[in-house]
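Below: one structure, written as structure tokens.
The values are calculated or read from the model by the stated rules, or taken from the named source; none is laboratory data. Please read all numbers here as calculations on a predicted model, not as lab measurements. Neighbour counts are summed over all protein chains in view; Cβ atoms, including those assigned to glycine, are modelled from backbone coordinates with ideal geometry. With ligands, DNA and RNA removed, areas are computed over all heavy atoms of the protein, side chains included. Shrake-Rupley method; radii C 1.70, N 1.55, O 1.52, S 1.80 Å.
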Amino acid sequence: MTPRPDSLDQRFAEAMGAALGPDFPTDIALAVSGGGDSMAMLTLAHNWAHVWGTRLWVVTVDHGLRPEAADEAALVRETCAELGHPHATLRWHWDGQGNLMDAARRARLDLIGRWRGALSHVLLAHTRDDVAETFLMRLARGSGVEGLSAMAPLREIAQTDTRPLDPEDCDGARPPEGAVQGGPTIVRPCLDMRRAELRHYLKVLKGRWVEDPTNEDDHYERARIRKLLRGLEDEGLGAETLAATATRMGRAREALRARAASVWQQCGEEGAAGDLVFDRDLFATIERDTQLRLLAAALQWVSSAEYRPRAAALEALLERLLSGGAGTLMGCAARAEPALLRIWREYAAVSDASAMVGDGALWDGRWRVFHPDLKGLQVRALGEEGWRQAAEAGPRRVPHALALSLPSVWQGETLRACDALGVGPGGTTALESGGTRGQGFDRFLLSH
């Protein structure tokens, strides 16, 4: 597949129309790093917004990992000043935990989500080259249809942390505050554009950008894959071919999601403790791929995990459940009961999780805890001591294993509230899995 001959401005406008039209938001955020892709997107969005009257809010995340990062943020700020768009720089401080690149990506989305105020949409400059590189990276990990599918032009991001930004971590303009539900919607209007096209566009317009040295650093997987991809062009496995295959995988993914959602309606149900249950006999008659898809989605939904479990671990857990056993994976527990298969949050995964009533954060990424009379008290997992104290309030409505990981409100060592067990004033918790109010598992299946 060769790039379309239309101008990039026209292609950008078409992509925006397909994603958000015809009634475009009055304000949109752009994540701009200073690299060639994002600086070209900024210029394209500037030209588009001038026609449609949409206001742009530009944000740059300085991860503090390279000394050049501050200068790159300054370049974006200067360009925004020339174009007449408000700009902010957000700063991240890595705690040294986990994979650096993954932590940086997560932090970027989290910071932007907390900065965006009432804005619902954030533009990212992923290109066709990014799609091809991601395809190869996931192919190397043995991914199936889900992992090999192309990035979606629109994607809702879970917003599990709604605390205000520390003023020291935000330098520049802030969008207007307002009521928003759930996380931001990521928009990728450059997915049918090549990296070289975007740089040529900037060169013609005498635009500025910087090259990130990590793009050529073999310590990073994407840099190694990028170099490998260059050598595959002559064998017919270049970016266009791989991106086209990823797009076809995306279509297959949508069909498989629809099948899983249909099966869920027949044999599944959401439990009272944030758990999921499947009719064991009906589940056993389903084709293997849909069984795996439902189990993977259930684990994601219950644990608020962004990624699916690895294939080998998922298949092993499914075998145990189909054989009448039990197991744990991704911070979830699962077991076969006489008539049901049940998946719930494992207590060990939340035993140290803590929040405060009314601070805006989701406890365990999925429970909103609130009540004017309990504001400022601690939210933590019920645990054995909470289970013991709940017995004094009356009959316990949830089985012991499930109840241990429920959100509960504590004043010191005294249990003050746990809705599922009838303790406290009631109406103190709401399940917002995936960071989206009212997103049931059926909708989750179609969007993840």
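For the range 220-229, indicate whether the set of residues that are at negative phi and assigned to a loop (DSSP other than H, G, I, E, B) is non-empty.
yes
Only one of these is crowded, with 18+ Cβ neighbours inside 10 Å, aliphatic (A, V, I, L, M) and at pLDDT below 95: LEU191, LEU237, LEU198, LEU229. Name it.
LEU229
Would you check which residues across the range 33-60 are aliphatic (A, V, I, L, M), in a strand (DSSP E or B) and surrounded by 24 or more Cβ atoms within 10 Å (Cβ to Cβ) and list them?
Across the range 33-60, the qualifying residues are VAL58, VAL59.
It is to be established whether one or more residues within the range 252-266 are touching a strand residue (DSSP E or B) at 6+ places or on another chain (Cβ under 7 Å), closer than 30 Å to ALA430 by Cα and free of Cβ contacts under 8 Å to residues at least 24 places away in the same chain.
Checking the range 252-266: not a single residue is touching a strand residue (DSSP E or B) at 6+ places or on another chain (Cβ under 7 Å), closer than 30 Å to ALA430 by Cα and free of Cβ contacts under 8 Å to residues at least 24 places away in the same chain.
Which one is surrounded by the most Cβ atoms within 10 Å (Cβ to Cβ), of the residues in the range 114-136 that are hydroxyl-bearing (Ser, Thr, Tyr) and under 23 Å from GLY17 (Cα atoms)?
Once the filter is applied, the top-ranked residue is THR127.
Can you pull out every residue in the range 102-118 that is touching an Asp or Glu at 6+ places or on another chain (Cβ under 8 Å), closer than 22 Å to MET151 by Cα and touching a residue at least 60 places away in the same chain (Cβ under 8 Å)?
Passing the criteria: ARG106, GLY113.
Please determine, by comparing only the residues of the range 95-137 that are among the acidic types (Asp, Glu) and assigned to a helix (DSSP H, G or I), which one is farthest from the chain's Cα centre (by Cα).
ASP129
Could you look through the range 142-188, keep only residues that are farther than 26 Å from PHE24 by Cβ, acidic (Asp, Glu) and at pLDDT below 90, and pick out the one that is surrounded by the most Cβ atoms within 10 Å (Cβ to Cβ)?
Result: GLU146.
For the range 19-32, give me each residue that is part of a loop (DSSP other than H, G, I, E, B) and either surrounded by fewer than 20 Cβ atoms within 10 Å (Cβ to Cβ) or modelled with pLDDT under 95 (or both).
GLY21, PRO22, ASP23, PHE24, PRO25, THR26
Quick test for you: out of LEU139, LEU111, pick the one residue that is at pLDDT below 95 and open to solvent by less than 20 Å² (accessible area, probe 1.4 Å).
The conditions single out LEU111.
Residues checked against (1) surrounded by 14 or more Cβ atoms within 10 Å (Cβ to Cβ); (2) within 32 Å of the chain's Cα centre (by Cα); (3) touching a residue at least 12 places away in the same chain (Cβ under 8 Å):
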| residue | (1), (2), (3) |
| --- | --- |
| LYS375 | no, yes, yes |
| GLY383 | yes, yes, yes |
| ALA391 | no, no, no |
| HIS400 | no, yes, yes |
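Take the conditions closer than 16 Å to TRP410 by Cβ, at pLDDT 95 or above and of a type in the set (Gly, Ala, Ser) and apply them to GLY358. Does it pass?
no
Does the range 209-222 contain any residue that is under 30 Å from ALA118 (Cα atoms) and at pLDDT 95 or above?
Looking for residues that are under 30 Å from ALA118 (Cα atoms) and at pLDDT 95 or above, one finds at least one in the range 209-222, hence yes.
Hey, can you tell me all the residues within the range 233-244 that are more than 23 Å from the chain's Cα centre (by Cα) and either among the β-branched types (Val, Ile, Thr) or part of a helix (DSSP H, G or I) (or both)?
Of everything in the range 233-244, those that are more than 23 Å from the chain's Cα centre (by Cα) and either among the β-branched types (Val, Ile, Thr) or part of a helix (DSSP H, G or I) (or both) turn out to be GLU233, ASP234, GLU235, ALA239, GLU240, THR241, LEU242, ALA244.
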